[in-house]
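Each remark here refers to the structure printed beneath this line.
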Amino acid sequence: MGIISGLPGQVVLILLFVSALVYFTGRILARLHIEKFDKNQLDLGNLRLRFGRFFLEILCQTKVIKGRPLVGLMHALVMWGFVAFSFATFNHMAIGFTGFQTTGFEIDGWYGAFVAVWSFLVLVGMAYLSYRRFIIRPKALGKLSLTSGLVAFFISILMLTYLLDWWGLENRDLIWALNWWAHTFSLLALLVIVPNSKHLHLLLAPIAIFLKPELPSTMRPLDIENDDLGLVEFKQLPWLDILQVNGCVECGRCTDVCPAQASGQTLDPKFIILDMQHGLLSGGKIIAGTTEEVSAGKAWIDEKNLFQCTTCGACTHECPVGIEHVGRKILDLRRGLVSEGRINNDKVVKLFTTMEKAPHNPWGISQETRRKFVQKENFPIFDGNQEWLFWLGCGNGYDPHGQKVAVAMKDILNEAGVSWGVLENEICCGEPARRAGNEALFLTLSEQLTETFKGKGVKKIVSCCPHCTTMLDKDYRQIKDYSDLNITMLHHSQLINKLTAKLALSPEYSGTLTYHDPCYLARDRGVVSEPRQILRNCGYEVKEMTHCGSNTFCCGAGGAQLFIADDGNDEKGKDRINQIRFKEAEETGAGTIAVACPYCPIMLGDAAVRSGNQSVAILDLAEIVASRLKTNKKGGQ
Ligand code: SF4
Ligand code: SF4
């Protein structure tokens, strides 16, 4: 038997195994830029949530199965099969390392049969996944790749050789030895191929999911004192982002759910990640630039695509390997471009110029408009003695429909006997500025507001705007002075739901409506049941749209798109994001769309005008509740 067993075989095995292992480890450490690893940059808080995610998303494969049930199940069979196979692999290698003198552990009994069943299931999974990738070839998977074919081939050889051995090869004869080496070569080949392919996710996905930030789409605080003004060069990428970018499995799930893609725009979240990966692998310098710079090979990501993102978070929510596309990449790259003055988008520039001038709101409307509104509606002014600060924000302080919502909220707070007040003068919290990349402006506004909150002794804030709520409950908490104030921040749907017992509602009216989940409320904050409970309390049956709850579909306004979106979609013959969403709402047949954000009615109202169907009412939760208050003379809808 010579070279294939006994001492020569043992020596050859050790040489091959050590070489493959050294190569495997070296490639991974190089791809992960391990020299950048800094444990201080990792957030390991809330271990319960992290282990929970690990259990559900990795061990149970829930996310993989939920998005694409059949494909997900086949992938899960392969993954679970690997786990079942692990001891058999250890045993297989032990036979070779001990010079083929032992038969390894006894696995011919129940464990051998158990692994055989899993080997068969892995073959079934691989056959389906290969059929899909190489025969069906869904667009989302992109171009065919040689490494995918090789990985499928070697995994199949692993399973077949195990089954052959288990089925009853004569121990230690020539066929057994050839079969043993075929199994071993397949294992070693995978050690060489995996770190050079998307299959690296086998190793990186569990780590990325465990280390994923606790709150989705969180923007990283900048280290301005050390000239960190946003992401510009590859060398700035934090280690966690390098890990995430290298873990992309190229499944295209993020592309499938992206509203910008659905509306025919050029932004593709999968390629934001893959372009970063390829840039890193090629030793690229600048990450994002103009179309010309990208064509000339001077940058990897077209800035035009970055400014199309609505920050809806659908991509991050859907990604099965824990990649954060929005806060840590797209928005950080916007900040880098803005800090260097390298933006070629007139609307973004106009937004900043408008917001930099007093009164700072993104519409540039005089603060007198808000002051008159507050006086006319007799809103109490917050003086530090009330329990709640009712934060109007620009959407409910300046927009005409937003103002109606604020009045409805006033009625609700009064009916519930809550003590509250609004600021006499309010500036923008800086949300559109930060999302569009102007960190300097955001910091100026947030410092002013923090001082105001401190001076007034604000302890609890309620807002009808999910964007302001996220800002004041997540982004602002990165600022120590604000975080020290320990302010409780609630969206109005959360407060109204808490106040239900104190509200005299007249729910005898019954009817149906549909509810549009705002992305920042449902996906970012996880507030899904409260708005529905409120609507049921008002006597409504909620007819769900195809995309609802945390799988909601954006209205198109977020990420400052309300102010900077390109108007060119009509020419491309595709529906805009708001039109796609409005059609979904129309399909429910409901005559009313309930909303919970001041931006959504602006976007859906625009879509209603474009579609020529203005018979659908678009009402905020607060308006619906206020109309059900028994003391409200106007009564029901
Ligand atoms: S956040 Fe939304 S719009 Fe932006 S890339 Fe992701 S899915 Fe697309
Ligand atoms: S980023 Fe995530 S969802 Fe998108 S292609 Fe890569 S692995 Fe799939």
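The values are calculated or read from the model by the stated rules, or taken from the named source; none is laboratory data. Bear in mind that the values here come from a model prediction, so they are computed numbers and not experimental data. Neighbour counts run over all protein chains shown; Cβ positions are idealised from the backbone, glycine included.
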In the list T488, T500, T514, T452, which residue meets the criterion of being modelled with pLDDT under 95, β-branched (V, I, T) and more than 23 Å from V348 (Cα to Cα)? T500
Please enumerate the residues belonging to region 256-268 that are surrounded by fewer than 22 Cβ atoms within 10 Å (Cβ to Cβ) and either assigned by TED's automatic domain parsing to the domain that holds K198 or within 11 Å of ligand 2 (Cβ to nearest atom) (or both). D256, D268
Restricting region 277-304 to residues that are among the polar types (S, T, N, Q) and out of contact with any helix residue (DSSP H, G or I) (no Cβ under 7 Å at 6 or more places or on another chain), which is farthest from ligand 2 (Cβ to nearest atom)? S295
So which of K372, K329 ends up being in a helix (DSSP H, G or I) and in contact with a helix residue (DSSP H, G or I) (Cβ under 9 Å, 6 or more places away or on another chain)? K329
What are the pairs with Cβ atoms under 7 angstrom where one residue, in region 139-154, is within 20 Å of S119 (Cβ to Cβ) and the other, located anywhere, is outside any loop (DSSP other than H, G, I, E, B) and of a type in the set (S, T, Y)? Sequence gap at least six, or different chains. A152/S130; F154/S186
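Residue by residue, here is whether (1) in a helix (DSSP H, G or I); (2) away from ligand 1 (no atom under 16 Å from the Cβ); (3) at pLDDT below 95; (4) assigned by TED's automatic domain parsing to the domain that holds C554 holds:
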{"site": "T218", "(1), (2), (3), (4)": "no, no, yes, no"}
{"site": "L222", "(1), (2), (3), (4)": "no, yes, yes, no"}
{"site": "I242", "(1), (2), (3), (4)": "yes, yes, no, no"}
{"site": "V245", "(1), (2), (3), (4)": "yes, no, no, no"}
{"site": "K270", "(1), (2), (3), (4)": "yes, no, no, no"}
{"site": "T311", "(1), (2), (3), (4)": "no, no, no, no"}
{"site": "H317", "(1), (2), (3), (4)": "yes, no, no, no"}
{"site": "E324", "(1), (2), (3), (4)": "no, no, no, no"}
Does region 71-80 contain any residue that is out of contact with any Gly (no Cβ under 9 Å at 6 or more places or on another chain) and surrounded by fewer than 16 Cβ atoms within 10 Å (Cβ to Cβ)? no
So which residues in region 272-308 are outside any helix (DSSP H, G or I) and either surrounded by fewer than 17 Cβ atoms within 10 Å (Cβ to Cβ) or within 15 Å of the chain's Cα centre (by Cα) (or both), if there are any at all? S282, G283, K285, A296, G297, K298
Set S217, S197: member being within 18 Å of E439 (Cα to Cα) and touching a residue at least 12 places away in the same chain (Cβ under 8 Å): S217
Filter region 224-234 down to residues that are modelled with pLDDT of 95 or more and either surrounded by fewer than 17 Cβ atoms within 10 Å (Cβ to Cβ) or not aromatic (F, W, Y) (or both) and give me whichever is nearest to ligand 1 (Cβ to nearest atom). L231
Selection from region 254-268 of residues out of contact with any Pro (no Cβ under 8 Å at 6 or more places or on another chain), closer than 24 Å to G322 by Cα and part of a loop (DSSP other than H, G, I, E, B) yields T266, L267, D268
For G526, only one of the following conditions fails: (1) more than 16 Å from ligand 2 (Cβ to nearest atom); (2) within 26 Å of the chain's Cα centre (by Cα); (3) outside the structural domain of Q448 (by TED's automatic domain parsing); (4) surrounded by 14 or more Cβ atoms within 10 Å (Cβ to Cβ). What is its number? (4)
Would you be able to say whether some residue in region 226-244 is in contact with a Leu (Cβ under 9 Å, 6 or more places away or on another chain), within 11 Å of ligand 2 (Cβ to nearest atom), within 30 Å of G573 (Cα to Cα) and not hydrophobic (A, V, I, L, M, F, W, C)? no
Before we move on, is F553 within 24 Å of D399 (Cα to Cα), modelled with pLDDT of 95 or more, crowded, with 21+ Cβ neighbours inside 10 Å and away from ligand 1 (no atom under 16 Å from the Cβ)? no
Residues of region 536-550 satisfying the condition of being surrounded by fewer than 22 Cβ atoms within 10 Å (Cβ to Cβ), more than 16 Å from the chain's Cα centre (by Cα) and either modelled with pLDDT of 95 or more or not in a loop (DSSP other than H, G, I, E, B) (or both): R536, N537, E541, V542, K543, E544, T546
Spot the failing condition for T444; the list is (1) under 27 Å from K304 (Cα atoms); (2) buried (at least 19 other Cβ atoms within 10 Å of the Cβ), and only one is missed. (2)
Matching option when the condition is closer than 20 Å to I602 by Cα, more than 16 Å from ligand 1 (Cβ to nearest atom) and modelled with pLDDT under 95, among N344, N361, N396: N361
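Let's see how each residue does on (1) on the phi > 0 side of the Ramachandran plot; (2) crowded, with 24+ Cβ neighbours inside 10 Å; (3) more than 16 Å from ligand 2 (Cβ to nearest atom):
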site: T310; (1), (2), (3): no, yes, yes
site: C315; (1), (2), (3): no, yes, no
site: P320; (1), (2), (3): no, yes, no
site: F352; (1), (2), (3): no, no, yes
site: E356; (1), (2), (3): no, no, yes
site: F373; (1), (2), (3): no, no, yes
site: P380; (1), (2), (3): no, no, yes
site: Q386; (1), (2), (3): no, no, yes
site: L392; (1), (2), (3): no, yes, yes
Looking for something at pLDDT 95 or above, over 16 Å from N196 (Cβ atoms) and part of a helix (DSSP H, G or I) - is there at least one such residue anywhere in region 18-27? yes
Can you find a residue that is in contact with a His (Cβ under 8 Å, 6 or more places away or on another chain) and farther than 22 Å from E439 by Cβ anywhere in region 252-265? yes
